[in-house]
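Where a number appears in this text, it was derived from the coordinates with a stated rule and is not lab data. These figures come from a predicted structure and were not determined experimentally. Backbone-built Cβ (ideal geometry, glycine too); neighbour counts: all protein chains shown.
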Amino acid sequence: MDQNALARSENDFPIHGPEGFEGMRKAGELAARCLDMIAGEVKPGVATQYLDDLAYQFVQDHGATSATIGYRGYRHALCISINHVICHGIPSEKPLRDGDIANIDVTVIVDGWHGDTSRMYTVGEPKVKAQRLVDVTYESLWKGIEVVKPGATLREIGRAIQTHAEGQGFSVVRDFCGHGLGRVFHCAPNVVHYEQYKDRMGTIHRAPDVTLREGMFFTIEPMINAGKPDSKMLKDGWTAVTRDRSLSAQFEHSLGVTHDGYEVFTKSPAGLDKPPYSVA
Ligand code: MF3
Ligand code: CO
Ligand code: CO
């Protein structure tokens, strides 16, 4: 790990200059192009391990590295989280089925910089409720992104996301959050996707009142559930699912704070922002 980029406290974040922005632009674009490439391959009958193989090959072919292979013992280039899986679903030989919704998450390293992004994909014909969850999750991500500028706070990002998602009758996952990134995969700050909530013990959890500064890099990656927000970890130690087995969706971008707003590093060059993707 890059000790210089490691934050020492919640209010001590790596601040990056033009060189960092240039690095993140390249890494972010490659990650986004990987997700663009995958779009045409997501169909009923396809095994998620096949998609993982394609992503691994794509990353290799572009002289980049997968950040997730070897990360805490993880062995895949993608996380593929289907239906009630919230995040960190492990690719397998199990085929996708008509009506599934899946989040595909990739993180690449280019010249030492990390590009981390995920999108939803629909398999065949989505159910109306599933498509609505996907749409609202996409909108929630962008509600959060649009808050970003120097002087705004992480709490305001959480508020924008929570207000939108809950306003549509969905819930925000609390057990996983966005994160700082750059030369390090996961660093300060923690980017929670809520403003505040009360847990089962009655304790109130509030998003940190941390002020954004030009040159901060982080992800926003809200996970939104059709039912309750609670998650459960499967025995494999990675797969997080909704406790009530309700559907869950997620979108993720990596971004930087600019002098007057934000730069999204992981925008889709092909314009494949959310499903349905019309690809040949
Ligand atoms: N890309 C995920 C994130 O958004 C992290 C995946 S770590 C893995 O932070 F090991 F599960 F791949
Ligand atoms: Co991330
Ligand atoms: Co990710």
Original post:
Taking the highest mean first, how do the peptides 232-238, 176-182, 198-204 order by number of other beta carbon atoms within 10 angstrom per residue?
Top reply: 176-182, 232-238, 198-204
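Set the Förster distance to 30 Å, then compute FRET efficiency between Lys267 and Val128 from the Cβ-Cβ distance, nearest 0.05. Walk me through the intermediate numbers first.
Values: r = 28 Å, r/R0 = 0.92.
The pair Lys267/Val128 has a calculated efficiency of 0.60.
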Subject >> Modelled label reach - Asn190, point 7 Å along Cα→Cβ, the range 145-170 residues with backbone N closer than 15 Å >> reply: 154-155, 158
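Give me the extension gain from Asp135 to Asp199: residue separation times 0.36 nm, minus the current Cα-Cα distance, reported in nm with one decimal.
Numbers: separation 64, 0.36 × 64 = 23.04 nm, distance 2.71 nm.
Residue separation times 0.36 nm, minus the Cα-Cα distance, leaves 20.3 nm.
How high is the relative contact order of the chain, in percent, counting Cα pairs under 8 Å that sit 6 or more residues apart? Can you show the working numbers first?
On the way: 699 pairs, mean separation 67.7, N = 280.
Worked out over the chain, it gives 24 percent.
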**OP:** Treating only the Cβ atoms of Lys and Arg (+1) and Asp and Glu (-1) as charged, compute the dipole magnitude of the chain about its Cα centre; round to the nearest 20 debye.
**Re:** 840
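Stretch Asp111-Lys235 to full length: gain in nm at 0.36 nm per residue minus the Cα-Cα span?
On the way: separation 124, 0.36 × 124 = 44.64 nm, distance 3.51 nm.
Once the chain is fully extended between Asp111 and Lys235, it gains 41.1 nm.
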**OP:** Report Rg(Cα)/(2.2 N^0.38 Å) for the range 21-93, keeping two decimals.
**Re:** 1.13
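What ranking, highest mean first, results for peptides 99-105, 44-50 when packing means the other Cβ atoms within 10 Å averaged over each residue? Walk me through the numbers on the way to the answer.
Numbers: 99-105: 22.3, 44-50: 15.6.
Put in order of decreasing packing, that is 99-105, 44-50.
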**OP:** Mind giving me the nanometre distance, one decimal, between the label points for Lys228 and Glu22, set 7 Å out from Cα along Cα→Cβ?
**Re:** 5.2
Original post:
Which value results when the Cα radius of gyration for the chain is divided by 2.2 N^0.38 Å?
Top reply: 0.94
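Normalized C-alpha radius of gyration of the range 129-189, against 2.2 N^0.38 Å?
Numbers: Rg = 12.8 Å, N = 61, 2.2 N^0.38 = 10.5 Å.
Expressed relative to 2.2 N^0.38 Å, the Cα Rg reads 1.22.
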